[in-house]
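Student: I'd like to ask some things about the structure below.
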Amino acid sequence: MLTIVHIINILRVLGNSLKNGRSIEQSMHLAIMNINIRSENQKKEWLRLLNVTSNVHVVLDSFKKNTEDQPLARIWILVKHFISISSINAGDKILEIAANLEKNKQLLEKRASFLKAQRYKILFLGTITSVFLGILAGLTPLFTSFISIVRGISFSPTTIKIIPVSLYLIAISAAYFTTDFSNQNFTFKSF
C-alpha cells in the first residue's frame, strides 16, 4: 500500500524527471525504481505493467488502487490529466503538488502531537483534581468536628453525612469524565 510518504517521493521523482526532459515512460520507470516499498512483488508488477502496456495511465490506475488513503488517491487522476496535456508543464505541477502534500503532512503531524499533548494535560489535571477532592472529602468530617468544637456550632448529622458524600461524588465524576475525554469517548450527550 502506498502511504503519503511514498506518494510524495513518487511525485518528486516523476516531476523532476519530466522537468529535466525525460519521457513519461522513463520518468515513471525511475519513480517506480525509487519507491521504498516493502513488497518487491508490487514494484515488479508495476514495472511489468509499464513494460508490457507502455501506458503510464495503467500504472497510475494501479497506484490509485494501491493507495492507502482513498481521498489521496485522487491525485493520480490529476497526474494523468497533467501528463496528457504537456509533460514539461506536468513536471512543474506535479512538483507543486508534492510540495503541498509535504506541507499538509507536516501540519497533520504537528496537529496530532498537539492533540496528544492536550489529552495528557487534561488527564493529568483531572487526576490531580480528583485526588485533591478525594482528600478533601476524607478530611471533611475532621473539619466539621473541629469547627463545631471551637465555635460551639452544632451541625445536624445529615449535613455531616452529606458533605463528604457529595465531595466523593464530585471526585468520582471528575475522574470519570476526565478519563472518557482523554480516551475520546466523551460526548456532551452524556450530560
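Derivation of every value follows stated rules applied to the coordinates shown; laboratory data play no part. Quantities reported herein were computed from a predicted structural model and do not represent experimental measurements. With ideal geometry, Cβ positions are generated from the backbone for all residues, glycine too; neighbour counts draw on all protein chains shown.
Student: Compute the relative contact order of the chain as a whole-number percentage, counting only Cα pairs closer than 8 Å that sit 6 or more residues apart in sequence.
Tutor: 21 percent
Student: For the range 105-125 and the range 1-30, compute the distance between their C-alpha centroids and round to whole Å.
Tutor: 33 Å
Student: Using Cα springs under 10 Å in a Gaussian network model of the chain, which residue among Ile147, Ile83, Ile37 shows the largest mean-square fluctuation?
Tutor: Ile147
Student: Cross-link candidates for Lys43: which lysines have Cα within less than 23 Å, leaving aside residues fewer than 8 places away along the same chain?
Tutor: Of all the lysines, those that pass the test against Lys43 - Cα under 23 Å, at least 8 places apart if same chain - are Lys64, Lys65, Lys80.
Student: Next up: Is there a quick way to get the dipole size of the chain? I mean about its Cα centre, with the Cβ of Lys and Arg at +1 and of Asp and Glu at -1; what is the value in debye to the nearest 20?
Tutor: Computed about the Cα centre, the dipole is about 140 debye.
Student: Within 10 Å, Cβ to Cβ, of Ser87, how many net charges do the neighbouring residues add up to if Lys/Arg are +1 and Asp/Glu are -1?
Tutor: +2
Student: If each DSSP helix of 4+ residues adds -39,500 (n - 2.57) and the sum is divided by the residues in the chain, what number results at 222 nm, nearest 500 deg cm²/dmol?
Tutor: -28000 deg cm²/dmol
Student: Also: If amide H atoms are built 1.01 Å from N in the plane of the peptide, which residues on other chains or at least 5 residues away come under 5 Å of the amide H of Leu2?
Tutor: Result for Leu2 returns Thr67, Glu68.
Student: Rounded to whole Hz and in sequence order, give me ³J(HN,Hα) for the range 52-63 from the Karplus expression 6.51 cos²θ - 1.76 cosθ + 1.60, θ = phi - 60°, writing x for Gly and Pro.
Tutor: Calculated HN-Hα couplings, in order: 6, 8, 6, 10, 5, 4, 5, 5, 5, 5, 5, 4 Hz.
Student: Still on this structure: Among (1) 22.3, 85; (2) 31.0, 99; (3) 25.0, 92, which is the computed Rg and Dmax of the Cα atoms in Å?
Tutor: (2)
Student: With the contact rule set at Cα under 8 Å and sequence spacing of 6 or more, what percent relative contact order holds for the range 4-108?
Tutor: Relative contact order here is 38 percent.
Student: Right, here's the next one. Aspartates and glutamates near Lys105 by alpha-carbon distance under 18 Å, same-chain residues fewer than 8 away left out - which ones?
Tutor: Hits, sequence-local ones excluded: Glu68, Asp69, Glu96.
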